[in-house]
Amino acid sequence: MLHKNLAISDDNHLTIAGFDTVELAKKYGTPLYVLDTDTVYENCVMYKTLIEKYFGEGSMPLIASKALSCKEIYRIAAKAGIGTDMVSGGEIYTAFSAGFPMERAYFHGNNKTDKDIAFALDCGVGCFVLDNNEEVEALEAEAAKRNVKVRVMLRVSPGIDPHTFKAVVTGSVDSKFGVAIETGQALETSKKILGCKHLVFEGFHCHIGSQIFDYEPFATAAETMLAFIAEVKKETGYTVSTLNLGGGFGVRYVESDPVFDYEKALSDIADAMDKCYAKYGLTKLKILFEPGRSMVAAAGLTLYTVGSFKTITGYKSYVSVDGGMPDNPRYALYQSKYTCLVANKAGDEKTETVTVAGRCCESGDLIQEEAPLQPCERGDTLAVLVTGAYNYSMASNYNRLPRPAMVGVGKDGDRIIIKRESYEDLVRNDI
Ligand code: LLP
């Protein structure tokens, strides 16, 4: 199977972490997100162990909230002893209300409002990753008002092409994120931070993109960042203590995707950095990473019930399911590839080629086109694999469809971790 937590039972049913997905669909209804929480925990520990091994004590992964934010995720991250990256008041509130140790929370975003800044300080967020001059000024003003010192990092764009799809490239010079090294603006903003009495300048951050399978752009970004840190030292006399290299490691969605070796990626980066430390006469920094997709994607899958069929002679065959772009907008947005299978016929050969459609009034509401699938009929359970990242977190209520429930499976058994929305929930804020 695509990932080691997936298997086929003696009944020919798809299982995740040993749980029968057909039974889960029956018990909890569909559409249903399933999250293998033990795999999420193992991934947190795997990253923590490897990052400490290659970058030394104090170096740490921060799980990227945007991939999947819910209380259970923060409880898992807290238990694993890792940090988190968050980009909104909503993510901060979710972590805070789950009891996450907020000193390990890093607040990102390219447009933090005054309200966000005040809220983050109220919640005890440990470090602000500042994006631009306006944020530097706004945070300094709020910190001065409160008479507190705040740890900060500066997001810079290193100008790296990560070879992935355009929508998720973030580290190029022409980007809405961060300040560019190339134009001299990153140095200027660094000086500005150093001039702020209430900001403790910890270091720099970069994130080059997402779903990257090449190893070399990560090492190149790290080298570029160290060269820049050396330049800042030369220009200002100040050496930062921390470098945050963001997220972006690739995940296998379909058999034809490569297997990404996380240890190789990290050790390649460490090797490249060791050479730079010597070259620039820098002492080793504390290194942070922000894996999102590779923490949670393969831990999740979505279950639907098959409804209607349409074979348009000379064109396509459609299989419609009881969810769609509101619970998984990634095909509509990016034509993302997914593996689909009929969960109650999981071991059967995929002899059909179908388009899996959702039930929204929108022709682009597709989960996958030209997908190989087992022959199926109304009432079958259709599984879409590797949906743990950027599915629930990007879900909407389009067509007033309630968001599905999420069930956690693992050593703690199967239990609801996010309740299914009700029609009442949908009108809760309507006046
Ligand atoms: N750190 C920062 C600052 C980021 O912007 C991101 C992702 C991450 C970490 C986590 O990256 P990951 O390890 O998940 O690749 N909605 C898109 C993905 C957008 C990613 C945005 N930033 C998708 O569904 O593919």
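Using θ = phi - 60° in the Karplus curve 6.51 cos²θ - 1.76 cosθ + 1.60, the 3J(HN,Hα) couplings for segment 284-290 round to 4, 9, 7, 10, 10, 10, 10 Hz; x is entered for Gly and Pro. For helix 185-194, what angle does its Cα long axis make with the longest principal axis of the chain, in degrees from 0 to 90 and rounded to 10? So the inclination is approximately 60 degrees. Calculated FRET efficiency, GLU188 to ARG428, Cβ-Cβ distance, R0 = 41 Å: about 0.35 to the nearest 0.05. Count Lys and Arg as plus one, Asp and Glu as minus one, and take only other residues whose Cβ is under 12 Å from that of MET153; the net charge is then -2. With both residues required to sit in the chain, DSSP beta bridges show an antiparallel share near 45%. Cross-linked pairs LYS26/LYS345; LYS4/LYS411; LYS286/LYS411; LYS264/LYS284; LYS310/LYS350: Cα-Cα separations exceed 24 Å for LYS286/LYS411. For a straight C-alpha distance cut-off of 14 angstrom, the aspartates and glutamates reachable from LYS27 (same-chain residues fewer than eight places away being disregarded) are ASP414.
Here each label is just a point 7 Å from Cα along the line to Cβ, and for GLU263 and LYS233 those points are 3.1 nm apart.
Could you give the angle, 0 to 90 degrees to the nearest 10, between helix 71-80's Cα long axis and the longest principal axis of the Cα atoms of the chain? The two axes meet at around 60 degrees. Take each peptide in 101-112, 229-240, count the other Cβ atoms within 10 Å of every residue, and average; sorted highest first, the result is 101-112, 229-240. As a length-normalised measure over Cα pairs under 8 Å and 6 or more apart, the relative contact order of the chain settles at 19 percent. Which lysines, if any, have their Cα less than 20 Å from the Cα of LYS145, not counting same-chain residues under 8 positions apart? Of all the lysines, those that pass the test against LYS145 - Cα under 20 Å, at least 8 places apart if same chain - are LYS112, LYS115, LYS192, LYS197.
Placing a pseudo-label 7 Å from each Cα along the Cα-to-Cβ vector at CYS361 and ALA7 gives an inter-label distance of 4.6 nm. 3J(HN,Hα) couplings calculated from phi for segment 302-308 with the Karplus curve 6.51 cos²θ - 1.76 cosθ + 1.60 (θ = phi - 60°) are, in sequence order, 10, 10, 10, 9, 6, x, 9 Hz; Gly and Pro show x. Rounded to 0.05, the FRET efficiency of the LYS337 and ASP412 pair, given R0 = 30 Å and the Cβ-Cβ distance, is 0.40. Our note on the geometry: Cα centres of segment 368-431 and segment 301-354, 14 Å apart. Under the shape rule built on the C-alpha gyration tensor, where the axes satisfy a ≥ b ≥ c, segment 57-213 is oblate, since a/c reaches at least 1.5 while a/b does not exceed b/c. Axis angle, to the nearest 10 degrees, between helix 37-55 and the longest C-alpha principal axis of the chain: 30 degrees. For the chain, the fraction of 1.4 Å probe accessible surface lying on carbon and sulfur atoms is 50 percent. Each residue of segment 213-221 was assigned a 3J(HN,Hα) from its phi angle through the Karplus curve 6.51 cos²θ - 1.76 cosθ + 1.60 (θ = phi - 60°); the sequence is 9, 7, 8, 5, x, 5, 5, 5, 4 Hz, with glycine and proline shown as x.
In straight-distance terms, cross-link reach from LYS279 covers every one of the aspartates and glutamates whose alpha-carbon lies under 16 Å from its own, apart from those fewer than eight places away in the same chain; here that gives GLU223, GLU231, ASP271. The Cα center of segment 23-52 and the Cα center of segment 54-123 differ in position by 19 Å.
The values are calculated or read from the model by the stated rules, or taken from the named source; none is laboratory data. The structure presented is a predicted model; accordingly, all values stated were derived computationally and were not measured. A quick note on method: Cβ atoms are made from the backbone with ideal geometry, for glycine too, and the neighbour counts reach across all protein chains shown. In case anyone asks, the SASA skips ligands and DNA or RNA and just uses the protein heavy atoms, side chains included. Shrake-Rupley method; radii C 1.70, N 1.55, O 1.52, S 1.80 Å.
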